[in-house]
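Enquirer: Before I ask anything, here is the structure I am working with.
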Amino acid sequence: MRHRVLKYKLNRTTSHRKALLNNMALVLIKHEQINTTLAKAKNLRPFVEKIITLAKNGSLASKKKAFSILKNKKIIEKLFTNIAKRYETRKGGYIRILKNGFRYGDMAPLAVIELVDRDEKVKGLDSGPVQKKKQEGETKPEESVADSEEKKQDQVVDKKVSEKELKDNQEISKKLDKKIEKPRNF
């Protein structure tokens, strides 16, 4: 029986649920605001608040404990330097959950979960690899080599086709055209 068990199971196995919470906690600390379903947001809040409380302690042991949970050095540094200093005087309630309508496909309730005194500039920074825009006149040396090889191969193929084969192909195409022009009687 599940009497007095208050955690959400989220229809996942234990390992999947732990991985989900770890990843969502990493993203929440990195961007300080994320969109998710309401059930996941409610499950994530106590998980992240305990980690922020660890960071406020600031000891080496709490740093190791936070690293054993999150496993990301950059996020741990941000947590212990920026976020812990931001919430020094606050005794709890570091996270806010705002309801955000319903998802189109399955009408699941959505929510925005964010840190209370978040930095507006952080959202969306370092989301992934930045792709350089390719300018019109700029070509990579690999592409130019590949293009020149293709042109050479086309020229070789043109030379290999003999005149006799060309005449045969033309005769076959004429015969096909004549067959198509003749009406068929059924």
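What follows is calculated from the coordinates using simple rules that are stated; it is not laboratory data. Please read all numbers here as calculations on a predicted model, not as lab measurements. So basically every Cβ, Gly included, is an ideal-geometry build from the backbone, and we count neighbours across all protein chains shown.
Enquirer: Mind giving me the nanometre distance, one decimal, between the label points for residue 99 and residue 85, set 7 Å out from Cα along Cα→Cβ?
Expert: Roughly 3.8 nm, to one decimal.
Enquirer: While we're on this one: Are any of the pairs 18/133; 99/133; 40/121; 63/132 more than 27 Å apart by Cα-Cα distance, and if so, which? Intermediate values should be presented prior to the final figure.
Expert: Details: 18/133 38 Å; 99/133 37 Å; 40/121 25 Å; 63/132 37 Å.
Flagged as over cut-off: 18/133; 99/133; 63/132.
Enquirer: May I ask you to give the average projected area over all directions of the convex hull of the Cα atoms of the stretch 14-115, in nm² rounded to one decimal? Intermediate results must be reported in sequence, preceding the final value.
Expert: Details: hull surface 26.7 nm².
Projected area, direction-averaged: 6.7 nm².
Enquirer: Continuing with this model, one more query. I want to check the label-to-label distance for residue 39 and residue 106. Put each point 7 Å from Cα in the C-beta direction and report it in nm to one decimal.
Expert: Here the answer is 0.8 nm between the modelled labels.
Enquirer: Work out the FRET efficiency for residue 57 and residue 23 from their Cβ-Cβ distance, taking R0 = 41 Å, and round it to the nearest 0.05. Intermediate results must be reported in sequence, preceding the final value.
Expert: Numbers: r = 24 Å, r/R0 = 0.58.
Computed FRET efficiency for residue 57 and residue 23: 0.95.
Enquirer: Based on a Kirkwood Rh over C-alpha pairs, give the Stokes-Einstein translational diffusion coefficient of the stretch 42-92 at 37 °C and viscosity 0.692 mPa s in µm²/s. Write out the running numbers ahead of the final one.
Expert: On the way: Rh = 10.9 Å.
Rounded to a whole number, D works out at 301 µm²/s.
Enquirer: Extending each Cα 7 Å along its Cβ direction at residue 67 and residue 180, get the distance between those two points in nm, one decimal.
Expert: Simple spin-label model gives 7.3 nm for this pair.
Enquirer: Here's another thing I want to ask about it. How large is ³J(HN,Hα), in whole Hz, for each residue of the stretch 13-19 in order, when computed from phi with the Karplus curve 6.51 cos²θ - 1.76 cosθ + 1.60 and θ = phi - 60°, using x for Gly and Pro?
Expert: Each residue of the stretch 13-19 in turn: 6, 4, 5, 5, 5, 5, 5 Hz.
Enquirer: Show me the ranking of peptides 167-174, 42-49 by mean Cβ neighbours inside 10 Å, starting with the highest. Before the final figure, lay out the partial values.
Expert: Working: 167-174: 10.2, 42-49: 17.4.
Most protected by this proxy first, the peptides run 42-49, 167-174.
Enquirer: Can I ask one more? Whole-Hz Karplus ³J(HN,Hα) for the stretch 55-65, in order, using 6.51 cos²θ - 1.76 cosθ + 1.60 and θ = phi - 60°, x for Gly and Pro?
Expert: Couplings: 5, 5, 4, x, 7, 5, 5, 5, 5, 5, 5 Hz.
Enquirer: I've got another one for you. How far, in nm, would the chain grow between residue 126 and residue 77 when pulled straight, counting 0.36 nm per residue and subtracting the alpha carbon separation?
Expert: 16.1 nm
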